[in-house]
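Notes for the one structure printed next.
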There are 2 protein chains.
Amino acid sequence: MNIGTAAKRSGLPAKTIRYYEDIDLIRPRRDTNGYRDFSDRDVHKLLFLCRARALGFTIENCRVLLELWEDQERASGDVKQIAREHLAVIDAKIADLTSMRENLSHLIETCSGDDRPDCPILNDLAKAG
Amino acid sequence: MNIGTAAKRSGLPAKTIRYYEDIDLIRPRRDTNGYRDFSDRDVHKLLFLCRARALGFTIENCRVLLELWEDQERASGDVKQIAREHLAVIDAKIADLTSMRENLSHLIETCSGDDRPDCPILNDLAKAG
DNA sequence: TTTGAGCTTCCAGCAGGTGGAAGCCCTATA
DNA sequence: TATAGGGCTTCCACCTGCTGGAAGCTCAAA
């Protein structure tokens, strides 16, 4: 099938699929006219990539996960290890954002938000270290 | 003062400070030898930027906030508006990450993580749409 | 045959920096 | 006074993960 069909079936934009080929995540065969020709297996891989990316795995994570997926002999422990490391990264990001959120919402609460110039948000950003 | 000193005082790497000059966030004057010469006010701005970035404001947000900070006449409502919009962005990111986290930690829980090949994490990533 | 959609490649750019090379400048020490 | 080092300068490339657009080919329908 052509890239447009593969895009529809996998949920990824054609541009992204070409990019994934560029960085060697997938290797669809080519028709005689030069068009990419995707097999069902290719689409399956693309779906895999789409889901893994939606879970926030990096491209390099995806590359390894895809290899593990294709390796009939792999141990599930290897996959779990990657997933756990990724979970730690997500947790760190959540913690980071939550602390930002608390700081910022506190600042917003203390700001009158009217047309007077005094503003605790700016004051805080500008305060001496 | 030289860029090294400004870097130490502001907590920003010298490279980042040069970049901020490049994109016109700051305009330190120059010594006759071509070296940047930072005033206390410049360092104050850099600290402001450092804090605002740590709160996750984009560079363009920072540009506006810095202008508002320098404008004695500005209304605190303008600042509050930017802050509130940014809070909404943070909340969306937290929601996103939290949902990822839940999916992933569920997958991890169901994975035995031993040396057998059967792995629910990969199965889920690969399942038919 | 012509139109229009879909495909190809390649080049550029987004955010927000970071790394490195080549080369000047300044100071301390031998 | 020569030299070694560290800090400064500019410029260019690279990072992640795409995305947009231009130029040009191919294909199917009218």
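Conditions tested, residue by residue: (1) farther than 27 Å from residue B:10 by Cα; (2) surrounded by fewer than 18 Cβ atoms within 10 Å (Cβ to Cβ).
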| site | (1), (2) |
| --- | --- |
| A:19 | yes, yes |
| A:36 | yes, no |
| A:43 | yes, no |
| A:61 | yes, no |
| A:70 | yes, yes |
| A:98 | no, yes |
| A:118 | no, yes |
| A:121 | no, no |
| A:125 | no, no |
> Applying the selection to the stretch B:27-46, what residues are within 12 Å of DNA strand C (Cβ to nearest atom) and part of a loop (DSSP other than H, G, I, E, B)?
Replying inline: B:31, B:32, B:33, B:34, B:35
> What pairs can you find where one residue is in the stretch A:22-46 and in the same structural domain as residue A:60 (by TED's automatic domain parsing) and under 24 Å from residue A:68 (Cβ atoms), the other is of a type in the set (D, E, K, R) and outside any helix (DSSP H, G or I), and their Cβ atoms are less than 8 Å apart, with a gap of 6+ or different chains?
Replying inline: A:28/A:36; A:28/A:37; A:29/A:36; A:29/A:37; A:39/A:29
>> Can you find a residue that is at the interface with another protein chain (Cβ under 10 Å from one of its Cβ atoms), within 14 Å of DNA strand D (Cβ to nearest atom) and under 27 Å from residue A:118 (Cβ atoms) anywhere in the stretch B:26-37?
In response: no
> Can you pull out the residues in the stretch A:4-17 that are surrounded by 19 or more Cβ atoms within 10 Å (Cβ to Cβ) and either more than 20 Å from residue A:66 (Cα to Cα) or of a type in the set (Ser, Thr, Tyr) (or both)?
Replying inline: A:10
> Here is a list of conditions, (1) free of Cβ contacts under 8 Å to residues at least 40 places away in the same chain; (2) out of contact with any Asp or Glu (no Cβ under 9 Å at 6 or more places or on another chain); (3) more than 9 Å from DNA strand C (Cβ to nearest atom); (4) more than 13 Å from chain B (Cβ to nearest Cβ), and residue A:49 meets all of them except one; can you say which number that is?
Replying inline: (4)
> Only one residue in A:6, A:14, A:92, A:54 is among the aliphatic types (A, V, I, L, M), without any contact (Cβ under 8 Å) to a residue 60 or more places away in the chain, in the same structural domain as residue A:124 (by TED's automatic domain parsing) and within 16 Å of DNA strand D (Cβ to nearest atom). Which one?
Replying inline: A:92
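Residues that are aromatic (Phe, Trp, Tyr), more than 10 Å from chain B (Cβ to nearest Cβ) and either more than 30 Å from residue B:53 (Cβ to Cβ) or touching a helix residue (DSSP H, G or I) at 6+ places or on another chain (Cβ under 9 Å) (or both): does the stretch A:60-75 have at least one?
Pass one, the stretch A:60-75, residues aromatic (Phe, Trp, Tyr): A:69.
Those still in the list that are more than 10 Å from chain B (Cβ to nearest Cβ) too: none.
There is no residue in the stretch A:60-75 that is aromatic (Phe, Trp, Tyr), more than 10 Å from chain B (Cβ to nearest Cβ) and either more than 30 Å from residue B:53 (Cβ to Cβ) or touching a helix residue (DSSP H, G or I) at 6+ places or on another chain (Cβ under 9 Å) (or both).
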>> Of the conditions (1) modelled with pLDDT of 85 or more; (2) farther than 22 Å from residue B:103 by Cβ; (3) facing another protein chain (nearest Cβ under 9 Å), residue A:42 satisfies every one except a single condition; which number is it?
In response: (3)
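Would you say residue B:110 is at pLDDT below 95 and in the same structural domain as residue B:10 (by TED's automatic domain parsing)?
no
The values are calculated or read from the model by the stated rules, or taken from the named source; none is laboratory data. This is a predicted model, so every value here is computed, not measured. Neighbour counts are summed over all protein chains in view; Cβ atoms, including those assigned to glycine, are modelled from backbone coordinates with ideal geometry.
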